[in-house]
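> Before anything else, here's the structure in question.
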Amino acid sequence: QVQLVESGGGLVQAGGSLRLSCAASGRTFSYNAMGWFRQAPGKEREFVAAISRIGGITSYADSVKGRFTISRDNAKNTWSLQMNSLKPEDTANYFCAAGSVVVVTPGRYAYWGQGTQVTVSS
């Protein structure tokens, strides 16, 4: 199994930045896709960004392109989401996830962290 733990959430003003990190342990060789999703109250969980362990191929939701950057350190089994120019609409609980392929559907990811709250004030 794989265990994921997120960190780095917090409260920031619009236009500010935060960096989220995800640390994986266990069978870390069992996944190729490392992703980030977010869920706001009353909303469905949505894809934010993902990166492949092999090749480092990235994918971003249109709403965060140019503002968020995903990266990974395979040797440390960690990945991060650098969030710049944050907007109030970015407010959500952010989850890191791991799966077999880089896709946007939450159900395709087998492993999930507990979530870390990001709140952006206007």
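> Quickly run through segment 47-69 and pick out the residues that are open to solvent by 80 Å² or more (accessible area, probe 1.4 Å) and at negative phi.
Selection gives ILE54, ILE57, ASP62, LYS65.
> A further question follows. Could you please give the count of residues in segment 69-110 that are among the β-branched types (Val, Ile, Thr), touching a Ser or Thr at 6+ places or on another chain (Cβ under 7 Å) and farther than 15 Å from SER21 by Cβ?
Result for segment 69-110: 2.
> Could you run through segment 20-46 and say how many residues are outside any strand (DSSP E or B), under 24 Å from VAL101 (Cβ atoms) and open to solvent by less than 60 Å² (accessible area, probe 1.4 Å)?
So in segment 20-46, the residues outside any strand (DSSP E or B) come out as 27-32, 40-45.
Subset that is under 24 Å from VAL101 (Cβ atoms): 27-32, 44-45.
Imposing the further condition that a residue be open to solvent by less than 60 Å² (accessible area, probe 1.4 Å) reduces the set to 28, 30-32.
Selection size over segment 20-46: 4.
> Let me ask something additional. Can you pull out the residues in segment 5-19 that are in a strand (DSSP E or B) and either within 11 Å of the chain's Cα centre (by Cα) or surrounded by fewer than 16 Cβ atoms within 10 Å (Cβ to Cβ) (or both)? Lay out the reasoning, then the answer.
At the first step, the residues of segment 5-19 found to be in a strand (DSSP E or B) are 5-7, 10-13, 18-19.
Selection gives VAL5, GLU6, SER7, GLY10, LEU11, GLN13, ARG19.
> Would you confirm, using the coordinates I've provided, whether GLY113 is surrounded by 17 or more Cβ atoms within 10 Å (Cβ to Cβ) and within 14 Å of LEU20 (Cα to Cα)?
Yes; evaluated as a whole, the condition is true for this residue.
> Kindly indicate whether any position in segment 88-96 is at pLDDT 95 or above, out of contact with any strand residue (DSSP E or B) (no Cβ under 6 Å at 6 or more places or on another chain) and either open to solvent by less than 30 Å² (accessible area, probe 1.4 Å) or not small (Gly, Ala, Ser) (or both).
yes
> Exactly one of these conditions fails for CYS22: (1) under 16 Å from the mean Cα position of the chain (by Cα); (2) on the phi > 0 side of the Ramachandran plot. Give me its number.
(2)
The values are calculated or read from the model by the stated rules, or taken from the named source; none is laboratory data. Here the structure is a predicted model, which is why all the values come from computation and not from measurement. Virtual Cβ from ideal backbone geometry, glycine too; neighbours counted across all protein chains shown. Accessible surface is based on the protein model in full, side chains and every heavy atom, while ligands, DNA and RNA are left aside. Shrake-Rupley method; radii C 1.70, N 1.55, O 1.52, S 1.80 Å.
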